[in-house]
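The values are calculated or read from the model by the stated rules, or taken from the named source; none is laboratory data. This is a predicted model, so every value here is computed, not measured. With ideal geometry, Cβ positions are generated from the backbone for all residues, glycine too; neighbour counts draw on all protein chains shown. With ligands, DNA and RNA removed, areas are computed over all heavy atoms of the protein, side chains included. Shrake-Rupley method; radii C 1.70, N 1.55, O 1.52, S 1.80 Å.
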Amino acid sequence: QSVMNQTYKNLEVILVDDGSTDKSGSICDEYAHRDERVIVIHKQNGGLVSARKAGAAIATGSYITAVDSDDWIESNMFEELMESAIKSGADVVSSGMIKDYGNHCVPGQDLIPAGFYDGDNYRQNVLDKLINLEEFYERRLGLSICGRLYKKDLYIKFQNEVPFEIKIGEDFAVLFPLLYKAKSLFILPKNYYHYCVRANSIIGVVKN
């Protein structure tokens, strides 16, 4: 619903029903019936990587992003990210993420200052600082797929190279090579994406 309520209207919304066993598939079809911008893919369960590949494969827009099914986004997210993308022509447009715990939210922000980076500026101030060598787990740039726009061809290339079997770190496997291939990055000093923290989420469940 938060995607459909975006102030930016020129959207292609691809909903991937990854072999759901509840009513998710029929809910997706209802959205497609109500709004011509919605396209639905029904497929056998293959996991997050498989679902993202399926959606990206039919995308026709110049930029692409992902919104996970249990998260939500601020209504002006795509309008402001697309405005920055059009003005700058950046390969990647990035914004901060908000951790939403239900009863409270914790805003986060990239430790690399907001602004436009390309050329030597991009290599020295972004690529060389992807990892904070003083505090290894305090990354300079958040490495979630979500909360950003990517030029479509760039995103698809590196999403398609991720093995279907990967279950943890699938975002890292796309973003590290993507950012090293990209030529430019625009960072907004705002948070739009609400990452809903649940104990039984994919990341929260401990597996052997």
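At-a-glance table
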| quantity | calculated |
| --- | --- |
| Reachable lysines, given that their alpha-carbon falls under 17 Å from the alpha-carbon of K43 and they are not under 8 places away in the same chain | K23, K53 |
| In degrees, nearest ten, helix 77-88 long axis to first principal axis of the chain (Cα) | 40 |
| Probe 1.4 Å, protein heavy atoms only - accessible area per residue of the chain in square angstrom | 56 |
| Length gained when the stretch E165-E83 is fully extended (0.36 nm per residue, less Cα-Cα span) | 25.9 nm |
| Percent accessible area from carbon and sulfur atoms, the chain, protein chains only, probe 1.4 Å | 54 |
| Rounded to 10°, Cα long-axis angle of helix 48-57 versus longest principal axis of the chain | 90 |
| Calculated FRET value between K99 and K152, using beta carbons and R₀ = 25 Å, to 0.05 | 0.35 |
| Structure-derived semi-axes √(5λ) of the Cα gyration tensor in Å - corresponding label in (1) 34, 22, 15; (2) 27, 20, 18; (3) 39, 18, 15 | (2) |
| DSSP-assigned coil residues among GluC sites (Glu not before Pro) in region 30-121, each with at most 12 further Cβ atoms within 10 Å | E36 |
